[in-house]
């Protein structure tokens with residue numbers, strides 16, 4: 001499918017004598033990328049597992065590698081265990097520019113499918129909180145699944161429109177990632193079918209929506225905080241034009257220079273072109289809010305009264321050193337145990353995972369406890385899959401599986417195992433999920449929706 005002529009004409013005016021080199025990239029293969037989960041495997045182990053599939057480092061992301069075109073890493077056993085995330089190399093740049101630090105409070109405002117969210121969260125090393133938001137519910141479910149798969153312990157996934165979040169979380173965040181919906185010109189090589197959806201008027205229509213999203217983001221950033229605005233498009237209307245209009249509306253914001261290995265943005269804005277960089281088209285801008293201040297207070301949820309006493313009585317089912325801070329009553333004398341991260345004080349009454357439709361995931365679901373009739377008898381604990389694959393999985397018995405048994409396990413089959421009771425099924429030292437051992441066999445507790 002040919003590139004739209006109106007797009008070519010505009011790029012000619014934008015690039016001048018670089019246009020032939022730019023157009024030539026559409027005759028070449030695009031670049032694949034993979035980002036390793038350093039909390040689950042080392043570089044050495046990744047090289048032994050992926051071998052010749054890794055084609056060199058992505059310079060701006062310490063855990064990023066270029067990936068061979070014929071690699072099947074996305075269908076590998078450890079992909080489902082969150083050992084890595086397939087991500088286009090240029091798409092790794094915005095999170096690297098935002099550079100969240102452990103202990104910060106971070107918002108990914110347009111987060112699905114989760115590449116940037118998981119990249120941000122892993123840089124935070126489980127410290128602080130990241131809120132991952134996606135307004136479209138079906139896309140938010142995919143986001144939530146990737147947050148679980150990558151083992152994030154400090155994340156909350158919500159599905160809400162930005163303006164609604166801004167009403168609740170004024171000046172709550174230290175850093176915000178805004179990867180806004182756009183006309184997608186940067187994807188014309190990787191996804192040629194998108195060329196047919198583009199019309200000359202696309203950028204102008206997208207720019208209005210992008211400006212509205214940025215206005216909501218501005219309300220949620222504390223003084224002194226950082227905001228990254230990014231798109232996967234190439235025109236100045238949605239990129240420099242949106243940023244300049246935003247700065248005119250918000251004089252308390254300013255562009256901030258940034259640099260990454262192989263990339264330099266002395267003016268605080270950078271367009272990534274495929275003929276200049278081994279990646280697809282992107283745009284990134286780094287802005288800061290002037291002033292300094294703590295913004296909205298955050299705290300870890302705490303239960304009180306009888307709920308606290310009940311939680312303390314149920315925590316005996318958990319391995320030593322693995323406590324819960326949240327309990328939710330289910331039906332039939334069953335309770336959900338969860339370890340929730342710190343949350344904004346201004347939203348605590350309405351955003352905790354009780355019965356709020358906009359919250360899809362909050363922290364780590366450890367499992368459920370079922371009490372006997374009238375609360376008597378020994379509690380029966382069923383651990384949750386999210387706990388098995390989280391980056392601080394419990395120290396419990398582990399069963400090392402061969403590659404064949406690991407595939408059988410992910411198919412939902414039983415496997416031979418020694419021991420008794422709950423154990424983690426592991427492959428290459430990485431937990432795949434739970435099983436319960438009895439009489440020399442491990443009964444499979446891999447979620448049915450994930451089975452291959």
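Read-outs throughout are calculated quantities, based only on the coordinates presented, and are distinct from any laboratory measurement. None of the values given here were measured: they were computed from a predicted structure. Neighbour counts are summed over all protein chains in view; Cβ atoms, including those assigned to glycine, are modelled from backbone coordinates with ideal geometry.
Working out 0.36 nm times the residue gap between residue 219 and residue 48, then minus their Cα-Cα distance, what length gain in nm do you get to one decimal? Display every interim value, and only then the final one.
Working: separation 171, 0.36 × 171 = 61.56 nm, distance 4.66 nm.
Extending this stretch completely gives an extra 56.9 nm.
Once R0 is set to 30 Å, what does the formula 1/(1 + (r/R0)^6) return for the Cβ-Cβ distance between residue 28 and residue 138, expressed as a FRET efficiency to the nearest 0.05?
Working: r = 33 Å, r/R0 = 1.11.
Computed FRET efficiency for residue 28 and residue 138 comes out at 0.35.
How many nm separate the modelled label positions at residue 101 and residue 316, each set 7 Å beyond the Cα in the direction of the Cβ?
4.4 nm
Between segment 404-450 and segment 197-265, what is the C-alpha centre distance in whole Å?
47 Å
Compute the helix-to-body angle for 305-314: its Cα long axis versus the longest principal axis of the chain, expressed 0 to 90° and rounded to tens.
Taking the Cα atoms of the chain, the angle to 305-314 is about 70 degrees.
Give me the distance in nm between label points sitting 7 Å out from Cα along the Cα-to-Cβ direction at residue 438 and residue 38, one decimal.
Here the modelled spin labels are 4.4 nm apart.
Return the percentage of antiparallel bridges among DSSP beta bridges fully within the chain, rounded to the nearest 5 %. Numbers along the way, then the final one.
On the way: 57 of 77 bridges.
Approximately 75 percent, going by the DSSP bridge assignments.
Between residue 402 and residue 378, take the C-beta separation as r, use R0 = 35 Å, and let me know the FRET efficiency to the nearest 0.05. Could you put the intermediate results ahead of the total?
Numbers: r = 35 Å, r/R0 = 1.00.
Here the calculated transfer efficiency is 0.50.
Of the listed peptides 244-257, 125-138, what is their order by residue-averaged count of other C-beta atoms within 10 Å, with the highest listed first? Mind showing how you got there, number by number?
Details: 244-257: 14.2, 125-138: 20.3.
Descending mean neighbour count gives 125-138, 244-257.
Return one number: the angle in degrees, 0 to 90 and rounded to the nearest 10, between the long axis of the Cα atoms of helix 240-249 and the longest principal axis of the Cα atoms of the chain.
80 degrees
Mind pulling the angle between the C-alpha long axis of helix 137-149 and the longest principal axis of the chain? Nearest 10 degrees, somewhere in 0 to 90.
It works out to around 60 degrees.
How would you order 159-167, 433-441 from highest to lowest mean count of nearby Cβ atoms within 10 Å? Numbers along the way, then the final one.
Numbers: 159-167: 18.3, 433-441: 16.7.
Ranked from most to least packed, the peptides come out as 159-167, 433-441.
Could you check how many percent of all C-alpha pairs in the chain are farther apart than 42 Å?
Above the 42 Å cut-off, the chain has 20 percent of its Cα pairs.
Between segment 88-164 and segment 276-334, what is the separation of their alpha carbon centroids in Å?
If we compute the Cα centre of each part, the gap is 13 Å.
Let a ≥ b ≥ c be the square roots of the eigenvalues of the Cα gyration tensor of segment 131-208; is it rounded (a/c under 1.5), or, if not, prolate (a/b larger than b/c) or oblate?
In terms of gyration-tensor shape, oblate.
Given labels modelled 7 Å from the Cα in the Cβ direction, how far is it in nm from residue 278 to residue 254?
Placing both labels 7 Å beyond Cα along the Cβ direction yields 3.7 nm.
Sequence gap at least 6, Cα distance under 8 Å: using those rules, report the relative contact order of the chain to the nearest whole percent.
Working: 966 pairs, mean separation 61.9, N = 452.
Value for the chain: 14 percent.
Which order do the peptides 386-393, 42-49, 290-297 take when ranked by the mean count of other beta-carbon atoms within 10 Å per residue, highest first?
386-393, 42-49, 290-297
Per DSSP H run of n ≥ 4, the term is -39500 (n - 2.57); total these for the chain, divide by its residue number, and report the mean residue ellipticity at 222 nm rounded to 500 deg cm²/dmol. Show your work: numbers first, answer last.
On the way: 14 runs with 121 residues, N = 452.
The helix contribution divided over the chain gives -7500 deg cm²/dmol.
Over all distinct Cα pairs, what is the inverse of the mean 1/r for segment 81-143, reported as the Kirkwood hydrodynamic radius in Å? Walk me through the intermediate numbers first.
Values: mean 1/r = 0.0831 Å⁻¹.
Evaluated over segment 81-143, this radius sits at 12.0 Å.
Contact order normalised by length for segment 395-452, with contacts defined as Cα pairs under 8 Å and 6 or more residues apart; what percent is it?
Values: 112 pairs, mean separation 20.7, N = 58.
Answer for segment 395-452 is 36 percent.
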